[in-house]
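Notes follow the structure.
Just so you know, all these numbers are worked out from the coordinates, no wet-lab data involved. Note that the coordinates shown come from a computational prediction; the quantities given were computed from them, not determined experimentally. Note that each Cβ is placed from the backbone with ideal geometry, even for glycine, and that neighbours are counted across all protein chains shown.
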There are 2 protein chains.
Amino acid sequence: MGISALTDSERAQALAELGKWTLRDDSKAISRSFQFADFNEAFGFMTRVALLADKMDHHPEWSNVYNRVDITLTTHDADGLSERDVTMAKAINAY
Amino acid sequence: MGISALTDSERAQALAELGKWTLRDDSKAISRSFQFADFNEAFGFMTRVALLADKMDHHPEWSNVYNRVDITLTTHDADGLSERDVTMAKAINAY
């Protein structure tokens, strides 16, 4: 039993709740860009996300350039967006 | 007085010393990809690099997907590769 992708209506509702996350063209991933005062703050944020990712055993695809962090969430096992991505995005929104 | 880019011969020598780093087509940046056992190890490595970056006030452009970390080093102030990138790459090699 793997994890399954959200249905179209579940995905639409999740996106509405999440706010600033954008859906990728293929509807299989969501992304958000974060900007901080400097690298130190950006990496502090990344560390919080990393601890969450390790605990959830669900990992972002992300990049960092100085004060900016770009995060993409998708669930490879579901070949799409799953409840895990939504849970993680909500947790990240709360940081 | 800003920092200046390496000359062609300095760059060639640095690349030979660094080993696994590859020069970008425009010769203004170097990159290396790292693979680890899992996310926890990959982020542990990133944390060491982040502490170095913060201390050197010189920051990588980097991305992470699960156990993989891709690092690009360039010096925007020099519009190219500088001694700072070489110093950082050598330190990263030693981790």
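Worth a mention:
- Trypsin sites (Lys or Arg not before Pro) lying in DSSP loop within chain B, provided at most 14 other Cβ fall within 10 Å: B:Lys20, B:Arg24
- Computed 3J(HN,Hα) for the range B:33-38, one whole-Hz value per residue from the Karplus formula 6.51 cos²θ - 1.76 cosθ + 1.60 where θ = phi - 60°, is 9, 10, 10, 10, 5, 6, glycine and proline marked x.
- Relative contact order of chain B, defined on C-alpha pairs under 8 angstrom at six or more residues apart (%): 36
- Computed E for B:Ala16/B:Tyr95 - FRET, C-beta separation, R0 30 angstrom, nearest 0.05: 0.90
- Amide N proximity, the range A:63-95 versus A:Arg48 label position 7 Å along Cα-to-Cβ, cut-off under 20 Å: A:63-73, A:85-95
- Sites listed here are chymotrypsin sites (Phe, Trp or Tyr not before Pro) in the range B:1-48 whose DSSP assignment is loop and whose Cβ has at most 13 other Cβ atoms within 10 Å, and the list is empty.
- For the residue pairs A:Lys90/B:Lys55; A:Lys28/A:Lys90; A:Lys55/B:Lys20; A:Lys28/A:Lys55; A:Lys20/B:Lys28, the alpha carbons lie more than 25 Å apart in A:Lys90/B:Lys55; A:Lys55/B:Lys20; A:Lys20/B:Lys28.
- Placing a label point 7 Å from Cα along the Cα-to-Cβ direction at A:Lys55 gives distances to the equivalent points in the other copies of 2.9 nm, listed shortest first.
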